[in-house]
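Novice: My questions all concern the structure below.
The values are calculated or read from the model by the stated rules, or taken from the named source; none is laboratory data. From a predicted model like this one, the values you see are computed outputs, not experimental measurements. Note that each Cβ is placed from the backbone with ideal geometry, even for glycine, and that neighbours are counted across all protein chains shown. The area values use the complete protein model at the heavy-atom level, side chains included, leaving out ligands, DNA and RNA. Shrake-Rupley method; radii C 1.70, N 1.55, O 1.52, S 1.80 Å.
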Amino acid sequence: GAPPAGGGSKSHAQAFALGTQPSAAFAPIAGPMRLRGPAAACAQRPVGKMALKMCESKPDAKESALQALAKVDAAAAKKKDPEGGGGDSFLDEIVAWIQSDEGREEAFQWTLTLFVAIAFRLLIVEPRFIPSLSMYPTFRVGDQLAVEKVTKYFRPYQKTDVVVFRAPEAFAEYVDDPSKANEDLIKRIMAVAGDTIQVKKGVTYINGQDAKETFTNGKPNYDFGPVTVPDGFVLVLGDNRNASLDSHIWGFLPIKNIIGRAVLKYWPLTHAGFIENESAIPSITMPL
């Protein structure tokens, strides 16, 4: 049955009188407990242990979710760096990316693109710029050109072709700076193998006929020739005849030294356009 009124207090008094400690489950708490964490909202008044357990059993939903996310982040960090070394380095991330399927595919695409670009420049077309006025007025200093390297395999070089070439050995004898002896040059072919060329009194003659040049910067003030171009060589002159170090000084140009033919001037845009043969220089007439 139910104990008499005040029975609980008497029971505790008897326990103290007998020198025994009251049961911990029923011991009163002297003052309010200070709780932390999710149960802090329940700590505003004195509560027993039973009340404390009830409050702790219902944590705040938001804080519980944040704790769960923190555990997930901690687990991920531990997986990346199990020894606690502070995370992967940039180099480690690059290596991991390259080892992935996506990384290998992109690395292959980049390598292929670079290979094609290099092959295109070495074998097909390469850009060049004009560093001097030896080809004025056709080119000005700073003009940028496209030089093609393909047609030489099926189209022989012709008179009035503008070509870029490696300077021949004889060129080194006429320059003061040895570093310039290996420079690439740009000139216009004026005679090919078998042609006879002569410059006399300001007129250029090819195979005895006036070349009727329309691209030069005035008439040449020197006499040259006549000379006949041997096989495997061409004769080149600068369009700025009186300010060009060319074949009338250092001799014939070996065809093997020619890098390619200038076909397009693309910069500046105001002077852009294709570079065409502009002279009606006659060819040698071979007897039948």
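Novice: Given (1) on the phi > 0 side of the Ramachandran plot; (2) part of a loop (DSSP other than H, G, I, E, B), where does D231 come up short, assuming only one miss?
Specialist: Only one criterion is unmet by D231, namely (1).
Novice: Give me the pairs, please: first residue somewhere in the range 214-233 and of a type outside the set (A, V, I, L, M, F, W, C), second residue anywhere and part of a strand (DSSP E or B) and open to solvent by 70 Å² or more (accessible area, probe 1.4 Å), beta-carbon distance under 9 Å, and either six or more positions apart or on two chains.
Specialist: If the second residue must be part of a strand (DSSP E or B) and open to solvent by 70 Å² or more (accessible area, probe 1.4 Å), the pairs left are D223/K200; G225/K200; G225/Y205; P226/K200; P226/Y205.
Novice: Return the only residue of R104, R121 being at pLDDT below 80, within 32 Å of the chain's Cα centre (by Cα), farther than 30 Å from S247 by Cα and assigned to a helix (DSSP H, G or I).
Specialist: R104
Novice: Which residues, counting only those in the range 231-270, are under 19 Å from N207 (Cβ atoms) and open to solvent by 50 Å² or more (accessible area, probe 1.4 Å)?
Specialist: Those that are under 19 Å from N207 (Cβ atoms) and open to solvent by 50 Å² or more (accessible area, probe 1.4 Å): D231, F233, F252.
Novice: Scan the range 177-196 residue by residue and report those that are within 21 Å of I130 (Cβ to Cβ) and part of a loop (DSSP other than H, G, I, E, B).
Specialist: D177, E183, listed by residue number.
Novice: Does the range 157-186 hold any residues that are surrounded by 15 or more Cβ atoms within 10 Å (Cβ to Cβ) and within 16 Å of V227 (Cβ to Cβ), and which are they?
Specialist: K159, P168
Novice: Between F274, F224, F252, F215, which is of a type in the set (F, W, Y) and in contact with a Phe, Trp or Tyr (Cβ under 7 Å, 6 or more places away or on another chain)?
Specialist: It is F252.
Novice: With respect to V199, is the statement that it is more than 21 Å from Y136 (Cα to Cα), among the hydrophobic types (A, V, I, L, M, F, W, C) and in a strand (DSSP E or B) true?
Specialist: Considered against the rule, which asks whether it is more than 21 Å from Y136 (Cα to Cα), among the hydrophobic types (A, V, I, L, M, F, W, C) and in a strand (DSSP E or B), V199 comes out as no.
Novice: For K152, are the conditions met, namely being open to solvent by 40 Å² or more (accessible area, probe 1.4 Å), touching a residue at least 60 places away in the same chain (Cβ under 8 Å) and farther than 18 Å from I249 by Cβ?
Specialist: When the stated conditions are applied, K152 passes them.
Novice: Do we find that F215 is in a helix (DSSP H, G or I) and over 21 Å from V125 (Cα atoms) in this structure?
Specialist: In short, no.
Novice: Here's another thing I want to ask about it. List the number of the failed condition for Y174; all other conditions in (1) free of Cβ contacts under 8 Å to residues at least 24 places away in the same chain; (2) more than 23 Å from P156 (Cβ to Cβ) hold.
Specialist: (1)
Novice: Got at least one residue in the range 234-244 being out of contact with any Lys or Arg (no Cβ under 7 Å at 6 or more places or on another chain) and over 18 Å from F139 (Cα atoms)?
Specialist: Checked against the condition, which is being out of contact with any Lys or Arg (no Cβ under 7 Å at 6 or more places or on another chain) and over 18 Å from F139 (Cα atoms), the range 234-244 yields at least one hit.
Novice: Checking the structure you have, find out if any residue of the range 191-206 is open to solvent by less than 30 Å² (accessible area, probe 1.4 Å) and either of a type in the set (S, T, N, Q) or within 15 Å of V263 (Cα to Cα) (or both).
Specialist: Looking through the range 191-206, at least one residue is open to solvent by less than 30 Å² (accessible area, probe 1.4 Å) and either of a type in the set (S, T, N, Q) or within 15 Å of V263 (Cα to Cα) (or both).
Novice: Just to check your reading of the model, which residue among P220, P127, P137 is under 42 Å from the mean Cα position of the chain (by Cα), assigned to a loop (DSSP other than H, G, I, E, B) and not aromatic (F, W, Y)?
Specialist: None of the others qualify; the one that does is P137.
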